[in-house]
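Since the structure comes first, as structure tokens, the remarks are kept for the end.
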Amino acid sequence: MNETLKQEIVAYSKKIGIDKIGFATADPFQLMKERLKTQQESGLQSGFEKGTIDERTEPSQLLPEAKTIISIAVAYPSKMKNAPKSVRGDRKGIFCRASWGEDYHHVLRRRLDKLEQFILSKVPDAKCASMVDTGELIDRAVAERAGIGWSAKNCAIITPEFGSYVYLGDMITTIPLEPDVAMEDQCGSCNKCIDACPTGALLEGGKLDAKKCVAFLTQTKDVLPVEFRKKLGNRLYGCDTCQVVCPKNKGVDEHRHEELEPDPELVKPSLIPLLTMSNRDFKAKYGYMSGSWRGKKPIQRNAILALGNFKDAYALEDLKKVALEDPRPDIRATAIWSIAQIDQSENTMIFLRELRETCNESIMIDELDAIFSS
């Protein structure tokens, strides 16, 4: 019965827009547990992780009597059509590919809900627990065990069909189903992702210093440490460098799902309008994207940094207005840094000195003093 049910689940998954599906045992992820403990002790975690280490590696803690974990993968595009040009006077930022289109958490959740209803129609007394990324279970570990792909040196799952451009979701169930075979590592001696990582966050052995990862840094809300500001480039949310350089992703560009197609003007937006965007406008424009989950502040801060990295003099007056009028001292301090990156002429230095005389926020004073002492 269960082999027939497994094949029915696979067939149904294709009908509802799941590009790849695999089955794994619900045994504890013992090796992952040890790695997480080491990561935690080494201070390499981001702080965004949900749940305890036991909850993240023992499926039965999330669903008693768990027998099987179903792993799903949905492919997303790697290239956009009609991407707007970033030109002097109208510089553009960029959202990473994982934030193109509708928030993938919602997209995959809908598919998992349909899959769960199908399974319950076949086995009414079964229990299921689904999650997408924000759940306790580590989706990469599940996908690896379920044969979706291998866990690569860039800390992503790479599939033979779609490279690493896939979203992952999981469903724990009490139904015993035949597990699939895990895929062997195919990275070999290639270290292109490690070598290309802007901040050196990727470590040997498929480890990640999460707090140095540019994708993590773009989601923080405070003033960004100086050593990372230029590393952001024009990134507003996320980072794709380790995916773009991966040989396994060469030529991969899937356009299978309309809701995951990017709006070029949203995922590569003009930077200056972002500086003064209201919360209401931000939510209306970007709220449906996964890159909006931390709110507008990180995006605005990153837009300010991007303008400084472009060194575009057309942005000077807008940045000066932010430095003078924005109610958030850390945003004003970021604007001060970008102003100094763009221009240190006599007029600009006079502006900054006058600002130093009037401001009383330590975070801004430190930024200004650093400029004057350099």
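Using the structure shown, decide if Lys85 is of a type outside the set (Asp, Glu) and farther than 19 Å from Gly17 by Cα. Here the answer is yes, as Lys85 does meet what is asked. Selection within the range 129-157: residues that are in a strand (DSSP E or B) and either of a type in the set (Ser, Thr, Tyr) or under 16 Å from the mean Cα position of the chain (by Cα) (or both). The member of this set that is nearest to Arg256 (Cα to Cα) is Ile157. When Asn302 is tested against (1) over 21 Å from Arg229 (Cβ atoms); (2) in contact (Cβ under 8 Å) with a residue 40 or more places away in the chain, exactly one condition is not met: (1). In the set Ala73, Ala66, only one residue is in contact (Cβ under 8 Å) with a residue 60 or more places away in the chain and assigned to a loop (DSSP other than H, G, I, E, B); that residue is Ala66. Condition check for Val252 on (1) part of a helix (DSSP H, G or I); (2) within 27 Å of Phe23 (Cα to Cα); (3) of a type in the set (Val, Ile, Thr): one failure, at (1). Being touching a Cys at 6+ places or on another chain (Cβ under 6 Å), of a type in the set (A, V, I, L, M), buried (at least 19 other Cβ atoms within 10 Å of the Cβ) and part of a strand (DSSP E or B) is a condition met by at least one residue of the range 170-177. Annotation: Ile363 fulfils all but one of (1) touching a strand residue (DSSP E or B) at 6+ places or on another chain (Cβ under 8 Å); (2) farther than 30 Å from Tyr167 by Cβ; the unmet one is (1). Among the residues of the range 259-289, the ones that are over 19 Å from the mean Cα position of the chain (by Cα), assigned to a helix (DSSP H, G or I) and in contact (Cβ under 8 Å) with a residue 40 or more places away in the chain come to 5 in all.
Within the range 76-102, the set of residues being without any contact (Cβ under 8 Å) to a residue 12 or more places away in the chain and part of a loop (DSSP other than H, G, I, E, B) comprises Lys85 only.
Suppose the filter is more than 23 Å from Ile365 (Cβ to Cβ) and in a helix (DSSP H, G or I); does Ala335 pass it? When the stated conditions are applied, Ala335 does not pass them. Consider Lys321 carefully, then state whether it is charged (D, E, K, R) and either touching a strand residue (DSSP E or B) at 6+ places or on another chain (Cβ under 6 Å) or surrounded by 14 or more Cβ atoms within 10 Å (Cβ to Cβ) (or both). So Lys321 does not fit the description; no.
Read-outs throughout are calculated quantities, based only on the coordinates presented, and are distinct from any laboratory measurement. Note that this is a predicted model, so its numbers are computed, not measured. Please note: Cβ atoms are built from the backbone with ideal geometry, for glycine as well, and neighbour counts cover all protein chains shown.
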